[in-house]
Amino acid sequence: MTLWPAVTPDHINPVGVAPAVMLDLELSDNRTTPVPIPGPLAEPQLTDPFRQETPTLPGSAGEHLLQCAYGTEKRARRFYDDQVLDRLNEEMKEFVGRMEMAFVATSDARGECDSSLRAGPPGFIEVLDDQHICYPEYRGNGVMASLGNISENPHVGILMVDFVTDLIGLHVNGKARIVEDADLRGIYPALPSEFDRGRTPERWVVVQVEEAYIHCRKHIPRMMPVLRERTWGTDDVKRKGGDYFSAKGMPRPWHEVSAGS
């Protein structure tokens, strides 16, 4: 039996999403099987010294090679064996259920990366079972950076950190797919119907857990929540802090391309 199986949640069917847009969750996991990029962007493929036809270790070829280069194989193997799971255990589920924010990392088919913050009341990230979690997507700026990446490349990395009480973090890596709100409710009717500030999810990101492991507390700062009043439900840029960095009006390369075309 493979220690790190790729289990596809066949019971989750993103009805209404074009098949060409949604990627099959059974795509090769490029953390263990590098996916070649055709053309001039192609880069040399790393040879993983620990690679086996039936993989028994998590992680990428790159991390395995650097463990050999820097002499950390034993420490890394101990961490894999002691801390890395291919599913959520009960303690991890409880941790996810009380988190109020998460950092979500995605990348597109070319490997261009994006990191985004998701936040909500405790439990806004739903634990569906020991191998699946989901989080809601609300109306935002319309860019769809994270969802766009997921539509090209299902691999995601989620980091949740308790900055207040236990000063500990949890990494959840896996494959994601986009599911419309009504469709997911048809499968999981227990999803919440009341949301913070009355916002209703437009859709959900469902993540199939492949790796779950601790982020140690050594460098996690302690923070104290402070109540503050905010004005929600507005498109006023100043009130939302939408141009905090005074980016509006500055030149962009794509404007120059448009002007010259």
Of everything in segment 125-153, what is surrounded by fewer than 20 Cβ atoms within 10 Å (Cβ to Cβ) and part of a loop (DSSP other than H, G, I, E, B)? Give them in sequence order. D130, Q131, Y138, R139, G140, N141, G142, V143, M144
Contact list please: Cβ distance under 7 Å, first residue in segment 139-150 and without any contact (Cβ under 8 Å) to a residue 60 or more places away in the chain, second residue basic (K, R) and open to solvent by less than 100 Å² (accessible area, probe 1.4 Å), pairs at least six apart or on different chains. none
Out of V161, V179, V156, I need the residue that is in contact with a Pro (Cβ under 6 Å, 6 or more places away or on another chain), in a strand (DSSP E or B) and crowded, with 16+ Cβ neighbours inside 10 Å. Which one? V179
Go through segment 182-213 and report how many residues are under 30 Å from D81 (Cβ atoms) and open to solvent by 60 Å² or more (accessible area, probe 1.4 Å). 0
Those residues of segment 111-124 which are open to solvent by 50 Å² or more (accessible area, probe 1.4 Å), modelled with pLDDT under 95 and not aliphatic (A, V, I, L, M) amount to P121, P122
I'd like to check something: does segment 214-221 contain any residue that is open to solvent by less than 70 Å² (accessible area, probe 1.4 Å), at pLDDT below 95, touching a Phe, Trp or Tyr at 6+ places or on another chain (Cβ under 8 Å) and hydrophobic (A, V, I, L, M, F, W, C)? yes
Return only the number of the condition from (1) open to solvent by 40 Å² or more (accessible area, probe 1.4 Å); (2) under 14 Å from V96 (Cα atoms); (3) not in a loop (DSSP other than H, G, I, E, B) that D166 does not satisfy. (3)
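The values are calculated or read from the model by the stated rules, or taken from the named source; none is laboratory data. Everything numeric in this text was worked out from a predicted model, so none of it was measured. Neighbour counts run over all protein chains shown; Cβ positions are idealised from the backbone, glycine included. These area figures cover heavy atoms from the full protein model, side chains too; ligands, DNA and RNA do not enter into them. Shrake-Rupley method; radii C 1.70, N 1.55, O 1.52, S 1.80 Å.
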